[in-house]
C-alpha cells in the first residue's frame with residue numbers, strides 16, 4: 001500500500017487570526033510583531049503585506065519603510081494557541097497518525113483511509129472546507145509519498161492551496177522548484193552552491209554524494225543529496241505515538257542572538273504545555289533539540305522527580321539545557337522543545353503534590369485551558385507574550 005502523507009499549513013496564521021477577530025482588517029496589510037519605532041522584528045504578516053516585500057524576521061523599522069500604511073499589531077500567542085487547538089482537533093478526526101510540528105503545521109498519515117473518506121484529493125477538499133467553515137481560516141495542503149515532499153507541496157500553491165505529488169513523479173516536482181525553495185537549504189549554503197555554478201535542482205542532482213559531502217560537509221551534503229531526489233531526509237521524524245510531543249521552529253535566517261533564541265524557546269514552551277494539558281497527559285522529561293547552520297543536530301534532555309508543572313518550568317529547564325549544549329555564538333537554524341515519556345492522567349499517581357514555585361502556575365494554566373475549551377472566543381493573553389517581540393514565524 002502506497003504511503004500518503006498530508007502536510008497542513010495554516011495560511012498566514014497569526015495575521016489571519018487577527019483579521020478573523022477584527023473583520024475591518026481584512027484586505028489590509030497586517031504586520032504582527034513590534035510596533036514601529038521600537039526594536040524588534042516581524043513575526044509574520046498577511047499576504048497583503050507580503051506584496052510590499054515584507055517577510056518574517058525582517059526588522060520592524062525596515063517593514064515600516066516598505067509599508068508605513070500597514071496595521072502593526074502585537075503578538076497574542078495565547079489567542080493563536082487557542083485557534084491552533086481548534087484546527088488540530090479537527091485534523092485528528094481524519095487519522096490516528098497525527099503529528100503537530102508547530103503552532104500552524106501538522107502532518108497526517110492518510111495511508112489506507114480511502115474507504116473512510118474517499119480519494120486523498122477529496123479528503124483534502126473536505127478538510128479545507130470544514131476548517132474554513134468552523135474557524136474562518138484557509139489552509140494549504142500538500143499530498144505526497146513522504147513528509148519532505150508533502151511540506152514542499154503545501155507551499156507550492158499558497159494560499160488556500162492543494163497540490164499532489166504522485167509517487168514516481170518526485171524528481172519532476174522537485175525540478176519545478178527554484179533551488180532556494182528547497183526546504184532546509186539556508187542562504188549560506190545557497191550562496192556556496194551559486195559560487196560553484198550550481199543554480200538549479202537538476203544541476204544539484206547531477207553531483208554525486210561524495211562531491212556534495214566534500215563541498216558542504218557530511219550532514220548538509222547528505223541532506224541535499226536526498227532532498228533533491230524527493231527523498232525524506234528525516235528532518236521531521238514521526239513522534240513515538242503516545243510517548244512524546246514536541247514543537248519546533250526553523251528560523252528563516254540562522255540565529256545566534258541569545259534574546260531571540262530565548263524568546264522562541266518561551267513560545268515553544270507554551271505550545272507544548274498547552275498541548276500537554278489539552279491531551280490530558282503528564283511528563284517528567286523535557287527535551288531540547290537544536291540544529292546548527294551546517295545541519296548538525298543535537299539534543300539533550302532532563303528528567304525530573306515530579307511532573308512538569310507549567311510552561312515557565314519548561315522554559316526554565318530548556319534554558320538550562322541550552323546553556324549546557326549550545327556552543328555560544330554558533331548559528332542555529334532550528335530549535336525545538338519536547339516532552340517525553342508521556343503518561344495519561346489517571347494511569348499513574350494523580351495525587352502527587354508540587355512543592356515548588358511552578359505549582360500555582362500550572363493551576364492557572366489548567367484554568368485557562370479549561371476556559372478556552374468551555375467558552376468560545378475567549379481571549380486570554382499572557383502579558384510576557386505581549387510585551388516582547390515573538391521570533392516564531
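Just to be sure, is residue 152 in contact (Cβ under 8 Å) with a residue 12 or more places away in the chain, in a helix (DSSP H, G or I) and under 20 Å from residue 294 (Cα atoms)?
On the way: in contact (Cβ under 8 Å) with a residue 12 or more places away in the chain: yes; in a helix (DSSP H, G or I): yes; under 20 Å from residue 294 (Cα atoms): no.
No.
So that you can scan it fast, the table gives a plain yes or no per residue for (1) surrounded by fewer than 17 Cβ atoms within 10 Å (Cβ to Cβ); (2) in contact with a helix residue (DSSP H, G or I) (Cβ under 9 Å, 6 or more places away or on another chain):
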{"residue": "275", "(1), (2)": "no, yes"}
{"residue": "301", "(1), (2)": "yes, yes"}
{"residue": "311", "(1), (2)": "no, yes"}
{"residue": "315", "(1), (2)": "no, yes"}
{"residue": "321", "(1), (2)": "no, no"}
{"residue": "340", "(1), (2)": "no, no"}
{"residue": "344", "(1), (2)": "yes, no"}
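Residue 168 passes all but one of (1) in a loop (DSSP other than H, G, I, E, B); (2) touching a helix residue (DSSP H, G or I) at 6+ places or on another chain (Cβ under 7 Å); which number fails?
(2)
Restricting attention to segment 65-86, which residues are out of contact with any strand residue (DSSP E or B) (no Cβ under 6 Å at 6 or more places or on another chain), modelled with pLDDT of 95 or more and buried (at least 18 other Cβ atoms within 10 Å of the Cβ)?
Selection gives 67 alone.
Hey, residue 189 hits all of (1) over 18 Å from the mean Cα position of the chain (by Cα); (2) within 24 Å of residue 89 (Cβ to Cβ); (3) buried (at least 22 other Cβ atoms within 10 Å of the Cβ) but one; which does it fall short on?
(2)
Touching a residue at least 60 places away in the same chain (Cβ under 8 Å) and in a strand (DSSP E or B), is that true of residue 56?
Numbers: touching a residue at least 60 places away in the same chain (Cβ under 8 Å): yes; in a strand (DSSP E or B): no.
Against the criterion (touching a residue at least 60 places away in the same chain (Cβ under 8 Å) and in a strand (DSSP E or B)), residue 56 does not qualify.
With the requirement that a residue be within 17 Å of residue 159 (Cβ to Cβ) and surrounded by fewer than 14 Cβ atoms within 10 Å (Cβ to Cβ), what does segment 113-132 give you?
Within segment 113-132, 129, 132 qualify.
Which is more than 20 Å from residue 253 (Cβ to Cβ), in contact with a helix residue (DSSP H, G or I) (Cβ under 7 Å, 6 or more places away or on another chain) and part of a helix (DSSP H, G or I), of 80, 14?
Details: 14 fails: more than 20 Å from residue 253 (Cβ to Cβ).
Step by step, each of 80, 14 is checked, and only 80 is more than 20 Å from residue 253 (Cβ to Cβ), in contact with a helix residue (DSSP H, G or I) (Cβ under 7 Å, 6 or more places away or on another chain) and part of a helix (DSSP H, G or I).
Name the single residue, out of those in segment 87-103 being part of a loop (DSSP other than H, G, I, E, B) and over 15 Å from residue 137 (Cβ atoms), that is modelled with the lowest pLDDT.
Among them, the one singled out is 96.
Limited to segment 1-11, what total is found for residues that are assigned to a loop (DSSP other than H, G, I, E, B) and more than 21 Å from residue 83 (Cα to Cα)?
Initial filter on segment 1-11 (assigned to a loop (DSSP other than H, G, I, E, B)): 1-4, 11.
Right, trim to more than 21 Å from residue 83 (Cα to Cα) and you get 1-4.
Count: 4.
Considering only residues that are surrounded by fewer than 18 Cβ atoms within 10 Å (Cβ to Cβ), without any contact (Cβ under 8 Å) to a residue 40 or more places away in the chain and in a helix (DSSP H, G or I), which ones fall in segment 17-49?
Selection gives 23, 24.
Could you check, for segment 32-42, whether at least one of its residues is closer than 30 Å to residue 123 by Cβ and in contact with a strand residue (DSSP E or B) (Cβ under 9 Å, 6 or more places away or on another chain)? Before the answer, list the steps.
Pass one, segment 32-42, residues closer than 30 Å to residue 123 by Cβ: none.
So far as segment 32-42 goes, no, none of its residues is closer than 30 Å to residue 123 by Cβ and in contact with a strand residue (DSSP E or B) (Cβ under 9 Å, 6 or more places away or on another chain).
Do we have residue 19 as outside the structural domain of residue 251 (by TED's automatic domain parsing) and modelled with pLDDT under 90 here?
no
The values are calculated or read from the model by the stated rules, or taken from the named source; none is laboratory data. Quick caveat, the model's predicted, so the values are computed rather than measured. Virtual Cβ from ideal backbone geometry, glycine too; neighbours counted across all protein chains shown.
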